[in-house]
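Here the structure is laid out as structure tokens; the discussion comes afterwards.
The values are calculated or read from the model by the stated rules, or taken from the named source; none is laboratory data. Small disclaimer: the values here were computed from a predicted structure and weren't measured. Cβ coordinates were reconstructed from backbone atoms using ideal geometry, including for glycine residues, and neighbour counts include every protein chain displayed.
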Amino acid sequence: MTTAAAGLRALLPAGDLTCVVSDALDRGGALSGAFRPVWSGASCAGEAVTVRTFGTDLSAVFDAIAEAAPGSVLVIDSHGITGTAFWGERTTRAALARRLAGVVIDGGCRDVTAVRRLGFPVFCTAITPNAGLAGGRGAVNVPIQAGGIPVSPGDVVVADENGVVIVPGHLAASTLERVRVLLAAEQQAFAQADRGAAAPPDGTEGEMV
């Protein structure tokens, strides 16, 4: 895992990290609002291992789990298919065994009770009981699109209850530094607000809602 990915992961416990990361990316980088966590409180950060499925074939998902390094986040481009699940209990257990950090699916998930019980962070655009079938097709670690945003292998994924943000790999280190600056400014602004001295963002450090 890169230093930037590890640094962002370390900031997850503060909460709402995706909001600050988006601010650091000039208020961008977020996938569409259709991406939601399967269970409340889910969050993850790590380098992207990308998956491009073929139809309802989920073979590439299993290939990606087998190839991914510990701490990785799978990002699955299923071309917006929402009537078929590309993730479930079997893939969750396999991902946990590989010590992956989470998965983001532009498509469906199933076995949500098991996923919630196992505590694996899953973000998806649909829930459906229909499962895909393995047919040996699809691709791993290729450029994809997810939620209207291009994702490349090695980009940094940050996800929490606010949604999912993609940090391009070449911007990861500078984004981490920017996030740290924004968090410090945010804490100062919160302290002022608690004293009744709230002010709107002025376009300088600490931009926030």
Against the definition (surrounded by fewer than 18 Cβ atoms within 10 Å (Cβ to Cβ), closer than 30 Å to ASP63 by Cβ and not aliphatic (A, V, I, L, M)), how does PRO121 come out, yes or no? no
Take segment 58-70 and flag every residue that is part of a loop (DSSP other than H, G, I, E, B) and buried (at least 23 other Cβ atoms within 10 Å of the Cβ). LEU58, ALA68
Give me the residue from segment 124-136 that is in a loop (DSSP other than H, G, I, E, B) and modelled with pLDDT under 95 and, out of that set, surrounded by the fewest Cβ atoms within 10 Å (Cβ to Cβ). GLY136
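The rows are residues; the columns are (1) aliphatic (A, V, I, L, M); (2) modelled with pLDDT of 95 or more; (3) on the phi > 0 side of the Ramachandran plot; (4) part of a helix (DSSP H, G or I).
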{"site": "ALA185", "(1), (2), (3), (4)": "yes, no, no, yes"}
{"site": "GLY196", "(1), (2), (3), (4)": "no, no, yes, no"}
{"site": "PRO201", "(1), (2), (3), (4)": "no, no, no, no"}
{"site": "GLU205", "(1), (2), (3), (4)": "no, no, no, no"}
Considering every residue within segment 157-169, establish whether at least one is at pLDDT below 95, outside any loop (DSSP other than H, G, I, E, B) and among the hydrophobic types (A, V, I, L, M, F, W, C). no
Filter result (surrounded by fewer than 20 Cβ atoms within 10 Å (Cβ to Cβ), in contact (Cβ under 8 Å) with a residue 12 or more places away in the chain and within 22 Å of LEU74 (Cβ to Cβ)) within segment 10-21: LEU11, LEU12
Any chance segment 54-75 includes a residue that's among the small types (Gly, Ala, Ser), without any contact (Cβ under 8 Å) to a residue 24 or more places away in the chain and out of contact with any Cys (no Cβ under 7 Å at 6 or more places or on another chain)? no
So VAL142, is it closer than 21 Å to ILE65 by Cα, of a type in the set (A, V, I, L, M), in contact (Cβ under 8 Å) with a residue 24 or more places away in the chain and assigned to a loop (DSSP other than H, G, I, E, B): yes
Return the residue satisfying two criteria in turn: it lies in segment 9-57 and is in a strand (DSSP E or B) and among the aliphatic types (A, V, I, L, M), and of such residues it is nearest to HIS170 (Cα to Cα). ALA48
Take the residues of segment 71-123 that are aliphatic (A, V, I, L, M), assigned to a loop (DSSP other than H, G, I, E, B) and closer than 24 Å to PHE54 by Cβ: which is modelled with the lowest pLDDT? ILE81
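This table checks each residue for (1) acidic (Asp, Glu); (2) buried (at least 19 other Cβ atoms within 10 Å of the Cβ); (3) over 23 Å from PHE35 (Cβ atoms).
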{"position": "ASP160", "(1), (2), (3)": "yes, yes, no"}
{"position": "PRO168", "(1), (2), (3)": "no, no, no"}
{"position": "ALA172", "(1), (2), (3)": "no, yes, no"}
{"position": "VAL179", "(1), (2), (3)": "no, yes, no"}
{"position": "LEU182", "(1), (2), (3)": "no, yes, no"}
{"position": "GLN187", "(1), (2), (3)": "no, no, yes"}
{"position": "ALA191", "(1), (2), (3)": "no, no, yes"}
{"position": "ARG195", "(1), (2), (3)": "no, no, yes"}
Search segment 26-54 for residues being more than 14 Å from the chain's Cα centre (by Cα) and crowded, with 18+ Cβ neighbours inside 10 Å, and hand back the single one that is farthest from VAL156 (Cα to Cα). THR53
